[in-house]
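What follows draws every value from the coordinates through simple rules; no lab data is involved. Only a predicted model underlies this, so the values are computations on that prediction, with no experimental measurement involved. As a convention, Cβ positions derive from the backbone with ideal geometry for all residues, glycine included, and neighbour counts pool all protein chains shown.
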């Protein structure tokens, strides 16, 4: 369950939406540097995105270069205005918008991404450093079909994926990193969720529901994005500087000050380059210079005590130049102690009030600190995620559909803190009020009754008396690469094995062959977009050709039967 062995097996086609993704949105609209928020002619927006590796707490890397390579092998200038450090594992559901950059018209065969080898840093879930050796810092990914930027009127979105599971080989004693990934292009007609951007308000209109900000990638406001329009729909969550929700939208607009108010925006990057906000938080009223918010640290609660709690540091989101030397002087500890008192303000993700008693082991928090001198570090504000989450393996399903029994991973805080004795202690998961879904990009719902022994899950909810009352249960999909050997239209086929990783459940072995059932809402990628196109590809194979597949899905009670929820198809 703990990914002690993470294998890197290369193939001609790598999963488009795998463990880490870099989404590169090329647009040719007007006004990106002005107040309209549309991306300027011949410019692009670069985002990064991720799905986690179960054995790691964090994986950090600095992206130095991103270039397009034309048919003659000539690369464009660097599309990044400057190197951008990224903590990849925190970007599970939304992308981090890294940069807007000019690019030339032309026809491109591939994209080239270059990482800073010295920047690669990984930590295990218990906070210990995992040594990583970089075999190559460069990744060249072909476009299929070729990317054509024919005119300044075109709009193109390119999704570039770094598959971290494919890129890492080794175990927690030491790994090698060989970046591997894939590309996908579209017309940009769908919005792209972004994690957050920050910017100082330049202008705003309550009547139009619109704010223009001078935007930045990072909390320290050092990596610029330029002027961005933020559309504020009626349902957006509007959060005050103290972390609580505004009583009315009118109160929010009254609080805005052009040239002074720093806001953090969560939402979707629209095709035109504007952001449709789902949540906006006021960070301060003096353009980001609030000394009370000197350092902001994201972490996972490792233990709690009266007046303090320990966190495993995932990322220093703000004030890294202040915090990192202090942490280095402490020997880069696995965890740090955070203190709080009556003046510390606690709040939740949705802007409702919280309290110090809401801090529990295994929970994600963001801690705002007015100084970062030494331990314990005094918290000015604490943002509390709604429920802790732990990786686990299902060991008993006889209680379905109401409950299952799991073993919590040994490096999870619930175990390392002693709340759960060992990684073989039976923990009951009450599913009566839980959402159950597959941990993929689209997060399709699955029936609790279909859960199987051996599946790996992330269970969200509070622990009491060795029972977790689950609010969400996310099933880690099994991943299979192989070839189609026979089809049974309209929704079934047989496959042989090339590579299998991550358990589909104990009923699926590592030998095969496998009976694959296509879920009616399955997502298709690459050479087929529907089950009918998939079947037609197989029937149309020429001499010497094969139909290669990559599948994400779950096993069933039938031996070697898999329900496929994501299918990547390529004729080879």
Checklist outcome for this item: When 567, 551 are ranked with the fewest other C-beta atoms within 10 Å first, the list becomes 567, 551
Next on the checklist: Using Cβ contacts closer than 10 Å as the measure, can you line up 151, 437 from fewest to most?
Outcome noted: 151, 437
Checklist entry - Order of 66-75, 526-535 by packing, highest average Cβ count within 10 Å first? => result 526-535, 66-75
Next on the checklist: Restricting to bridges with both residues inside region 335-442, how much of the DSSP beta-bridge set is antiparallel, in percent to the nearest 5?
Outcome noted: 70
Checklist entry - What percent does the relative contact order of region 196-284 come to when contacts are Cα pairs within less than 8 Å and at least six residues apart? => result 32
Next on the checklist: With Kirkwood's inverse mean 1/r over C-alpha pairs for Rh, give me the Rg to Rh ratio of region 389-475, two decimals please.
Outcome noted: 0.94
Checklist entry - For the pair residue 375 and residue 257, what calculated FRET efficiency results from E = 1/(1 + (r/R0)^6), where r is the Cβ-Cβ distance and R0 = 30 Å, to the nearest 0.05? => result 0.25
Next on the checklist: At 0.36 nm per residue, and after removing the present C-alpha to C-alpha distance, how many nm does the segment from residue 83 to residue 133 gain when stretched out fully?
Outcome noted: 16.0 nm
Checklist entry - Taking square-rooted eigenvalues a ≥ b ≥ c of the alpha carbon gyration tensor, is the chain rounded, prolate or oblate, where a/c under 1.5 means rounded and, failing that, a/b exceeding b/c means prolate? => result oblate
Checklist outcome for this item: As a percent rounded to 5, the proportion of antiparallel DSSP bridges among beta bridges in the chain is 85
Next on the checklist: Under the 0.36 nm per residue contour assumption, what length would be gained going from the current alpha-carbon distance of residue 497 and residue 532 to full extension?
Outcome noted: 10.3 nm
Checklist entry - Quick one: of the DSSP bridges fully inside region 478-571, what percent are antiparallel, nearest 5? => result 80
Checklist entry - Nearest 0.05, what FRET efficiency do residue 105 and residue 248 give at R0 = 30 Å with Cβ-Cβ as r? => result 0.05
Checklist outcome for this item: Cβ density ranking, 10 Å radius, fewest first, applied to 264, 523 yields 264, 523
Next on the checklist: How would region 112-259 be classified by its alpha-carbon gyration tensor: rounded, prolate or oblate, with rounded meaning a/c under 1.5 and the a/b versus b/c comparison settling the rest?
Outcome noted: oblate
Item to check | Rel. contact order, % - alpha carbon contacts under 8 angstrom, at least six apart, the chain | outcome: 9
Checklist outcome for this item: A chain fully extended from residue 327 to residue 430 at 0.36 nm per residue, minus the present Cα-Cα distance, gains in nm 33.1 nm
Checklist entry - Can you give me the relative contact order of region 453-572 as a percent, contacts being Cα pairs under 8 Å and 6 or more apart? => result 27
Checklist outcome for this item: Under the 7 Å Cα-to-Cβ spin-label approximation, residue 294 and residue 210 lie apart by a distance in nanometres of 4.1
Item to check | Residue-averaged [θ]222 nm for the chain, counting only DSSP H segments that reach four residues, each worth -39500 (n - 2.57) | outcome: -1500 deg cm²/dmol
